[in-house]
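See below for the structure under consideration.
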Amino acid sequence: MSDGTGGPGADRGWSRRPALLVSACLLGVRCTHDGGHEARPTVQALRGSHHLVPVCPETVGGLPTPRAAAERSASDGRVRTADGVDVTEAYARGAAHAVRLAAAAGVVGAVLKARSPSCGCHQVYDGTFTRTRVDGDGVTAEALRRAGVPVVDEDDVAAGRLPGSS
């Protein structure tokens with residue numbers, strides 16, 4: 001059934017579904033630092049009610065898969081690998097791409113990977129590589145919030161909270 005616009009997705013009803021930017025790893029794309037994915041059925045189920053726009057800010061920022069694990073320093077906000085390589089610029093490029101993609105797709109919000117130095121939106125690991133969590137956002141989550149895009153993580157979705165809902 002067409003929506004009358006004749007555009008992409010006209011026969012799939014995409015134009016009537018709100019769009020969500022989603023961390024690609026949550027949809028099963030093998031783009032995590034170790035070459036795996038973090039597929040979550042609760043996030044994948046959003047396909048029934050939303051048009052999902054996948055993105056991996058780390059790979060579009062120029063980092064390979066697999067790649068060294070990285071954490072965002074609580075002291076200066078920089079992103080570094082355990083051996084001290086500063087990868088902040090790649091994270092910033094990926095974040096800028098995610099913001100542009102969100103705007104182009106007209107998303108109502110984003111569902112991001114919890115605790116990631118890029119996508120974490122409530123807590124991130126503190127940069128000591130001791131699995132210590134601190135309150136704060138990853139580089140992409142921070143950039144999306146600055147751009148006015150509401151963000152949640154997969155734990156929020158599992159609890160029934162979507163971006164923009166209370």
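The values are calculated or read from the model by the stated rules, or taken from the named source; none is laboratory data. This is a predicted model, so every value here is computed, not measured. Reconstructed Cβ throughout: ideal geometry from the backbone, glycine too, with neighbour counts over all protein chains shown. These accessible areas exclude ligands, DNA and RNA; they are computed on the full protein's heavy atoms, side chains included. Shrake-Rupley method; radii C 1.70, N 1.55, O 1.52, S 1.80 Å.
Data table
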| item | result |
| --- | --- |
| Contacts under 8 angstrom Cβ, first residue in the range 33-61 being open to solvent by 20 Å² or more (accessible area, probe 1.4 Å), partner of a type in the set (D, E, K, R) and not in a loop (DSSP other than H, G, I, E, B), 6 or more apart | His33/Glu58; Glu38/Glu154; Arg40/Glu154; Thr42/Glu154; Val60/Arg93 |
| Residue in the range 36-48 that is of a type in the set (A, V, I, L, M, F, W, C) and either in contact with a Phe, Trp or Tyr (Cβ under 8 Å, 6 or more places away or on another chain) or in a loop (DSSP other than H, G, I, E, B) (or both) present | yes |
| Residue in the range 9-28 that is in contact with a helix residue (DSSP H, G or I) (Cβ under 8 Å, 6 or more places away or on another chain) and open to solvent by 70 Å² or more (accessible area, probe 1.4 Å) present | no |
| Number of the condition not met by Ala70 [criteria: (1) surrounded by 23 or more Cβ atoms within 10 Å (Cβ to Cβ); (2) under 14 Å from the mean Cα position of the chain (by Cα); (3) within 19 Å of Arg30 (Cα to Cα)] | (2) |
| Hey, Val107 assigned to a loop (DSSP other than H, G, I, E, B), among the aliphatic types (A, V, I, L, M) and touching a residue at least 12 places away in the same chain (Cβ under 8 Å) or not | yes |
| Qualifying residue in the range 127-142 (condition: touching a residue at least 24 places away in the same chain (Cβ under 8 Å), part of a strand (DSSP E or B) and among the aromatic types (Phe, Trp, Tyr)) | no |
